[in-house]
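The values are calculated or read from the model by the stated rules, or taken from the named source; none is laboratory data. All figures in this text were calculated on a predicted structure; none of them were measured in a lab. Note that each Cβ is placed from the backbone with ideal geometry, even for glycine, and that neighbours are counted across all protein chains shown.
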Amino acid sequence: MSYETAGQKEKYILIAAAPDETPAVMHSLEELASLLKTAGAAVTGQLLQLRPAPDPGTYLGSGKLEELRELINETGATGVIADDELTPAQMKNLEDALDCKVIDRTILILDIFAAHATSREGKVQVECAQLKYRLTRLSGFGTDMSRLGGGIGTRGPGEKKLESDRRVIRDRLARLSRELKGIEAHRELTRAKREGAGLLTAAIVGYTNAGKSTLLNRLTGAGVLSEDKLFATLDPTTRRLTLPDGEKLLLTDTVGFISKLPHHLVEAFKSTLEEARYADFLIHVVDVTDPEAEEHMEVVYRTLTGLGVSGKPVITLFNKCDRCGVDGRAPGGELPHRADPRADRTFFISADTGEGIEEFLEGLEKCVRAMRVHIDCVIPYSRTGLVNRIRTGGGEILKEEYREDGIHVQANVSARVAGLLAGTDK
Ligand SMILES: Nc1nc2c(ncn2[C@@H]2O[C@H](COP(=O)(O)OP(=O)(O)OP(=O)(O)O)[C@@H](O)[C@H]2O)c(=O)[nH]1
Ligand SMILES: [Mg+2]
């Protein structure tokens with residue numbers, strides 16, 4: 001059996017099973033609808049069943065399935081999509097019961113990542129995640145991914161059709177993993193080079209579509225693609241930023257987070273996501289106009305902790321203020337006041353109009369200065385290169401005297417440069 005959908009726009013009915021009709025459940029469904037739109041498909045209806053837990057066999061109960069079948073007939077939907085990751089058994093049973101294409105939130109996110117990956121690393125990472133997900137679906141239940149026909153769930157990076165033969169998948173996975181190792185080694189090298197230059201690094205993190213790339217563009221004119229689409233950015237971009245007082249630092253734009261981020265993706269994107277781990281501090285961008293901003297902030301902190309990123313200084317930016325008042329309140333007052341108790345500093349900005357950026361940059365200067373270490377040392381003439389390191393590392397030299405025993409230097413430098421100077425203390 002196959003459900004040919006290639007060539008025509010796919011139309012889905014969203015389904016979810018939840019204990020209560022809370023705002024969080026409804027927002028999750030709205031997010032699923034935007035994800036579908038991003039993937040080029042349409043939504044023709046939605047069905048929510050209130051139950052303590054999803055049915056282990058068919059996700060929804062039998063009465064609700066009957067209702068769903070009618071809705072499919074009425075709306076001419078080409079498939080249904082569940083707002084949770086379905087087990088292989090649930091997927092197969094639903095396909096049998098509904099006789100249409102069945103996908104879940106995970107397949108959809110993987111599909112969007114596949115379409116948006118541009119670098120070789122991004123493409124290899126997505127394909128690894130997709131193939132690993134497929135392997136779990138091919139075992140035991142006789143579920144054949146080729147039943148998906150075309151469209152969402154079948155596209156690899158570059159619109160290539162995904163493999164569905166177990167043995168071929170295993171071979172390809174082995175090859176891709178080897179290639180990824182090589183790419184990661186190269187990334188390590190670039191990172192080490194950056195660290196060697198001694199510049200402080202800040203990672204721009206946040207929920208998808210918060211405005212991270214727009215911020216990098218505004219600050220550095222990086223020319224990174226920013227779009228009203230989920231997961232517009234998959235490849236981290238690093239740019240140098242010179243602050244008004246002359247301090248220099250590196251800013252890295254990173255992949256956005258989302259609730260229920262598929263674990264295969266997190267695993268495959270580990271090296272990309274780890275950019276935040278190597279940063280000296282984090283710039284957390286939040287879309288202040290999103291009613292779910294609080295929950296999104298939670299997701300960001302939870303994901304970061306999962307990646308082993310914790311204890312770093314955080315500057316939180318409540319972005320898109322041009323759409324509301326400066327303190328995060330809408331002119332009508334319906335938005336709650338936003339605060340982030342986990343941040344060291346917070347600012348209200350608009351990456352789009354530039355509002356609040358000046359104050360943020362002043363705050364950034366303070367943050368960078370606070371991270372400086374005061375050094376008072378004598379650098380031997382055999383290591384004069386270190387003086388240059390202090391300069392290129394954006395450090396502030398307070399005293400530089402060339403004496404017989406060496407160069408006497410007093411300066412405020414980053415912890416990294418201070419590390420390079422270890423052993424030269426007076
Ligand atoms: N009104 C308004 N729109 C903004 C602002 N900043 C970003 N946007 C819009 O929000 C959308 C998402 O912006 P991006 O910069 O692509 O967001 P991102 O966080 O990089 O998103 P991903 O890379 O997809 O995770 C785009 O349509 C931007 O034009 C802002 O300050 N005000
Ligand atoms: Mg982006």
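Scanning the range 209-229 for residues that are surrounded by 21 or more Cβ atoms within 10 Å (Cβ to Cβ) and part of a loop (DSSP other than H, G, I, E, B) gives 209, 210, 211, 226. Pick from the range 280-293 the residues that are surrounded by fewer than 23 Cβ atoms within 10 Å (Cβ to Cβ) and assigned to a loop (DSSP other than H, G, I, E, B): which of them is farthest from ligand 1 (Cβ to nearest atom)? The extreme case among them is 280.
In the range 335-391, of all residues being closer than 25 Å to residue 290 by Cβ and of a type in the set (Gly, Ala, Ser), the one that is farthest from ligand 1 (Cβ to nearest atom) corresponds to 339. Somewhere in the range 232-253, is a residue more than 19 Å from residue 358 (Cα to Cα) and away from ligand 1 (no atom under 13 Å from the Cβ)? So far as the range 232-253 goes, yes, one or more of its residues are more than 19 Å from residue 358 (Cα to Cα) and away from ligand 1 (no atom under 13 Å from the Cβ).
For residue 326, indicate whether it is modelled with pLDDT under 85, more than 25 Å from residue 304 (Cβ to Cβ), in a loop (DSSP other than H, G, I, E, B) and under 36 Å from the mean Cα position of the chain (by Cα). Yes, satisfied. Here residue 254 fulfils each of the conditions (1) away from ligand 2 (no atom under 13 Å from the Cβ); (2) touching a residue at least 40 places away in the same chain (Cβ under 8 Å); (3) crowded, with 24+ Cβ neighbours inside 10 Å apart from (1). Pairs linking a residue in the range 210-231 that is more than 20 Å from residue 265 (Cβ to Cβ) to a residue that is within 8 Å of ligand 2 (Cβ to nearest atom) and charged (D, E, K, R), with Cβ atoms under 7 Å and 6 or more positions apart or on different chains, are 216/253; 224/253. Annotation: residue 53 fulfils all but one of (1) closer than 23 Å to residue 269 by Cβ; (2) part of a loop (DSSP other than H, G, I, E, B); (3) among the hydrophobic types (A, V, I, L, M, F, W, C); the unmet one is (1).
So which residues in the range 19-45 are in contact with a Pro (Cβ under 8 Å, 6 or more places away or on another chain) and part of a helix (DSSP H, G or I), if there are any at all? Matches in the range 19-45: 23, 27.
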